[in-house]
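Since the structure comes first, as structure tokens, the remarks are kept for the end.
The values are calculated or read from the model by the stated rules, or taken from the named source; none is laboratory data. Model, not experiment: these values are computed from the prediction. When we count neighbours, we look across all protein chains shown, and the Cβ atoms used for this are built from the backbone with ideal geometry, even at glycine.
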Amino acid sequence: MGAFFLSNIYIYTMKKYISLLLVLFIASCSTKSEITISKVLGSPEYPNAKISLDKPTIVDDDYKFIFNVSDYKLGIQTLKDFEYRLANSEKGQHIHFIVNNGPYSAHYDNIFSKKLKDSSNVILAFLSRSYHESVKNKNAYVLTQVGENQIDLNNEFLFYSRPKGTYKGVDTEKLLLDFYLVNTEISADGNKVRATIQNKEFIIDEWAPYYIEGLSKGEVKIKLELIDSTGSLIETHFNPSERTVILE
């Protein structure tokens, strides 16, 4: 009789314990952060900033690039009228230099050399704030190409910029989603950008920088697609773009 009574108490206790675990599990699932994007507001616009490029020359098997920059200072911190937690370069404002829509290299001086391996190299260079947000005006970028095989640079282009690489600490809370459009515009009734972040899809119809929030630690997969008004992928070079970044 005593053993039966103790057995019932044990079963009752285990049921209560399992029920508590289920409640905690459901609560943890319901409070899990949802991935969101929101427009970054408050960045200085630099409407008169301008960049141009002298004809690249070959020096010791490298291409030498000389950019001319006006109304924009490289190497200084961008003044901000808003609070944010975005990864920021201590070296200041710079040039994002992208070859064939690969990951950019950052350059804090207007003269530098690069080794280009491919026979066809489409190059996009644009002015970047110290926290890696691109300057989006018609004179703030250069699109050119070097090499034997040439493509039509009058096509519509979507270039991937941010996020990039590995993020640590508070930099993981808000990631900058930024891209560059050339020879195209996006709008509610026209072309758009489809951003897929960890299998969650966002349709973007305004060319602007965005915060990504609610990401879990680990690998984050991002795909950007330039689409038309019907949602179909526009067939152009470097479309779509896919990246993986790491949150530690």
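When you go through 181, 176 one by one, which is the residue that is out of contact with any His (no Cβ under 7 Å at 6 or more places or on another chain) and either crowded, with 16+ Cβ neighbours inside 10 Å or assigned to a strand (DSSP E or B) (or both)?
Step by step, each of 181, 176 is checked, and only 181 is out of contact with any His (no Cβ under 7 Å at 6 or more places or on another chain) and either crowded, with 16+ Cβ neighbours inside 10 Å or assigned to a strand (DSSP E or B) (or both).
Among the residues of segment 29-77, how many are within 18 Å of residue 106 (Cβ to Cβ) and in a loop (DSSP other than H, G, I, E, B)?
9
For residue 86, are the conditions met, namely being in contact with a helix residue (DSSP H, G or I) (Cβ under 8 Å, 6 or more places away or on another chain) and closer than 18 Å to residue 130 by Cα?
Considered against the rule, which asks whether it is in contact with a helix residue (DSSP H, G or I) (Cβ under 8 Å, 6 or more places away or on another chain) and closer than 18 Å to residue 130 by Cα, residue 86 comes out as yes.
Here is a check on your reading of the model: is residue 202 closer than 22 Å to residue 139 by Cα, surrounded by 15 or more Cβ atoms within 10 Å (Cβ to Cβ) and either of a type in the set (S, T, N, Q) or modelled with pLDDT of 95 or more (or both)?
Criteria not met by residue 202.
Could you pull out the residue among 83, 45 that is under 21 Å from residue 179 (Cα atoms), among the acidic types (Asp, Glu) and at pLDDT below 95?
Checking each option against the conditions leaves just 45.
Inspect all residues belonging to segment 94-112 and state whether any of them is within 27 Å of residue 213 (Cα to Cα), of a type in the set (D, E, K, R) and part of a loop (DSSP other than H, G, I, E, B).
Checking segment 94-112: not a single residue is within 27 Å of residue 213 (Cα to Cα), of a type in the set (D, E, K, R) and part of a loop (DSSP other than H, G, I, E, B).
The rows are residues; the columns are (1) within 14 Å of residue 37 (Cβ to Cβ); (2) touching a residue at least 24 places away in the same chain (Cβ under 8 Å); (3) β-branched (Val, Ile, Thr).
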position	(1), (2), (3)
166	no, yes, yes
191	no, yes, no
197	yes, yes, yes
236	no, yes, yes
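Filter segment 113-139 for residues that are assigned to a loop (DSSP other than H, G, I, E, B) and of a type in the set (Gly, Ala, Ser); which is surrounded by the fewest Cβ atoms within 10 Å (Cβ to Cβ)?
Only one residue fits best here, namely 119.
Would segment 229-243 turn up any residue that is of a type in the set (Lys, Arg), more than 23 Å from residue 124 (Cα to Cα) and at pLDDT 95 or above?
no
Which of the residues that make up segment 184-204 are farther than 19 Å from residue 102 by Cα and assigned to a strand (DSSP E or B)?
Selection gives 192, 200, 201, 202, 203, 204.
Can you spot a residue in segment 209-226 that is in a strand (DSSP E or B) and farther than 22 Å from residue 35 by Cα?
So far as segment 209-226 goes, no, none of its residues is in a strand (DSSP E or B) and farther than 22 Å from residue 35 by Cα.
Can you find a residue in segment 140-150 that is among the small types (Gly, Ala, Ser) and part of a strand (DSSP E or B)?
Yes; the residues of segment 140-150 include at least one that is among the small types (Gly, Ala, Ser) and part of a strand (DSSP E or B).
If you take the residues in segment 89-123 that are among the aliphatic types (A, V, I, L, M) and free of Cβ contacts under 8 Å to residues at least 40 places away in the same chain, which one is nearest to residue 133 (Cα to Cα)?
Of everything passing the filter in segment 89-123, 106 is nearest to residue 133 (Cα to Cα).
It is to be established whether one or more residues within segment 132-144 are more than 20 Å from residue 214 (Cα to Cα) and among the small types (Gly, Ala, Ser).
Yes, that holds for at least one residue.
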